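For reference, the structure is listed below as structure tokens.
The values are calculated or read from the model by the stated rules, or taken from the named source; none is laboratory data. This is a predicted model, so every value here is computed, not measured. Cβ sites come from the backbone with ideal geometry, for glycine too, and all protein chains shown count toward neighbours. SASA here: full protein model, heavy atoms, side chains in, ligands and nucleic acids out. Shrake-Rupley method; radii C 1.70, N 1.55, O 1.52, S 1.80 Å.
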Amino acid sequence: MTLITSIDEFDDLDAPDAAAAASALDTLDLLEAEAIHIIREVVAEFARPVLLFSGGKDSALVLHLAAKAFFPARVPFPVLHVDTGHNFPEVLDFRDRTVARLGLDLRVAHVQDYIDDGRLTERADGTRNTLQTRPLLDAIAAGGHDAVFGGARRDEDKARAKERIISLRDEFGQWNPRNQRPELWSLYNGRHRPGEHVRAFPISNWTELDVWRYIARERIELAPLYYAHERAVFRRDGMWRAVGDSSQPRGDETVERRVVRYRTVGDMSCTGAVASDAADIAAVLDEVARSTITERGATRADDRISEAAMEDRKKDGYF
């Protein structure tokens, strides 16, 4: 089959050859095209979009897609990170290097500022994931953002599976899963009233394996802790927790040096590692393909608080 390199070449084909060329697109091509279409639609329809960029693999993927969507111009909106103060240093370093490389406008909301002035209270268990919601909503309001890109995928969690690609948030930033608009034939409804905003999820239809296959294909750099490495850890709730300023073992927990990697890179105080020898992307692809549990189910303690933990946080305005 002849490789088609431009839309003009495609238009010159007769019907049978055009159908054959279209069928040659693989799953990643189709997912990429859908995501770039969504990103461009949001930029066209909304006045002040912003992209949530934590330095994790999914937000790095969405940022890569945004860069492709507007190349050779720069990404035409700022990126926002809610820093819990318990982030992995490797992730913050990756965040800053990526922002500098792409010439982005990075805005950071600090949970620590809210704790210091009494607007938020530290939780007894030390976990700060749930404390991100108020700084996030304040940052969205301060920036006047009417659309917020996120890297959530439907296969991660049942609450995220209920999300539309363009998901409405009310004037308080809250999400009502029963008040979602239909998205028929990939038509996205961006209408909202003053004070409301939407969350936009361009990679809703991707799986974790799709994400890793695309990272491999596009050679997207990630924070190094996504790959197997040796570090000091202790066992809690079936996960290996990293030893750090915000993550310390209790009296009955023993620190060991283990070879682990991370499938997600959220707040250090509630994100676990998995035992793994997958030190390169080929090994990670093989490991993810054989896994029978999602990355959030495998490594996020905050999602285990209750059956509806994620949905409850999302209703309050989280991610």
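Within the chain, which DSSP H helices have Cα atoms that stretch 24 Å or more along the helix axis and a mean Kyte-Doolittle hydropathy of at least -0.5?
27-45
Could you give the dipole magnitude of the chain about its Cα centre, charging the beta-carbon of Lys and Arg +1 and that of Asp and Glu -1, in debye to the nearest 20?
It comes to approximately 860 debye.
Computed from the coordinates I sent, Kirkwood radius over Cα pairs in Å equals one of (1) 23.3; (2) 20.1; (3) 20.9. Tell me the label.
(3)
How much of the accessible area of the chain, probe 1.4 Å, is carbon plus sulfur, in whole percent?
51 percent
Per residue, how much accessible area does the stretch 223-305 show when a 1.4 Å probe rolls over the protein heavy atoms, in square angstrom? Walk me through the numbers on the way to the answer.
Working: 3790 Å² over 83 residues.
Accessible area per residue: 46 Å².
Treating the beta-carbon of each Lys and Arg as +1 and of each Asp and Glu as -1, no other charges, what is the dipole magnitude of the stretch 223-305 about its Cα centre, to the nearest 20 debye?
Dipole magnitude for the stretch 223-305 comes out near 120 debye.
Which listed residue (229, 292, 88) has the Cα farthest towards the positive end of the charge dipole for the chain, taking +1 on Lys and Arg C-beta and -1 on Asp and Glu C-beta about the Cα centre?
So the residue we want is 88.
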